[in-house]
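Here's the structure we're looking at; comments come further down.
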Amino acid sequence: MAAGEPGDLGGYYFRFLPQKTFQSLSTPETTSRLRQWSMLGRIKVQAFGFDQTFQAYRKDDFVMAFFKDPNVIPNLKLLSDSSGQWITLGTEVKKIEAINVPCTQLSMSFFNRLYDEDIVRDNGHIVKCLDSFCDPFLISDELRKVLLVEDSEKYEVFSQPDREEFLFCLFKHLCLGGALCQFEDVLSPYLETTKLIYKDLVSVRKNPQTKKIQITSSVFKVTAYVSVRGILQPINLITCYL
């Protein structure tokens, strides 16, 4: 791909990679679970390549260049709030906000505290509780309570930095599910699916000095704004740069 010319937006050029697949979302077991959680067809992962080294301090230039790229605009898929169908971006983004999402966790032992704090029993069953609502979610077990209810007894089992981790965000998203979610009675399907998707999205390498495995991905929560009849409207995305 051509290198960026002086004066262009960030000097980044992108290419759509439709041949890049993410097996974690297409296995029969994952498909069945997403259907049960009312999420099938509502999660999509796409890959785009770019021609320069990503530099974290230039993330805003990078993200804006991505949304303005002529190879991105006709190919990037968005879920329409009005129709519930996937549509292409189709227009140039006018403004972006990109927030760093910490991505440091290397092990699912991160969630062992759910057992230690009796949110999940030793046999894997999630502890039930009296039904309550945290709009729009029905809370009928201790897991959803610890995910959603800030004044609950065990909410601080996960600190605020823990909750900002990409691994936690992915896990929470799967646990809460879609509008017609049929919740699990045991924890393992949530953990297994979270692990599969996380491994598919995040890149790791061994540090040559320390010999320890480290994550090399940068993850951002991106809000992009497009102009609709002269008014900026937000599009919310989670973007993982590998």
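The values are calculated or read from the model by the stated rules, or taken from the named source; none is laboratory data. Just so you know, these numbers come straight off a predicted model, no measurement behind them. Every residue, glycine as well, gets a Cβ built from its backbone with ideal geometry; the counts of neighbours run over all protein chains shown. The area values use the complete protein model at the heavy-atom level, side chains included, leaving out ligands, DNA and RNA. Shrake-Rupley method; radii C 1.70, N 1.55, O 1.52, S 1.80 Å.
The figures follow:
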item	result
Most to least packed among 72-85, 185-198 [average Cβ atoms within 10 Å]	185-198, 72-85
Inter-part distance where region 34-109 and region 183-203 are each reduced to a Cα centre, Å	20 Å
Per residue accessible area of region 108-205, 1.4 Å probe, in Å²	54 Å²
Lysine-lysine proximity count for region 1-137, Cα under 24 Å, sequence distance 8 or more or distinct chains	18
Rg in Å to one decimal, and Dmax rounded to a whole Å, for region 108-205 via C-alpha atoms	13.2, 45
Measure of compaction for region 158-242 (Cα Rg per 2.2 N^0.38 Å)	1.42
Convex hull projection area averaged over all views, the chain, Cα basis, nm²	16.1 nm²
Unit charges on C-beta of K, R, D, E only; dipole of region 108-205, Debye	400 debye
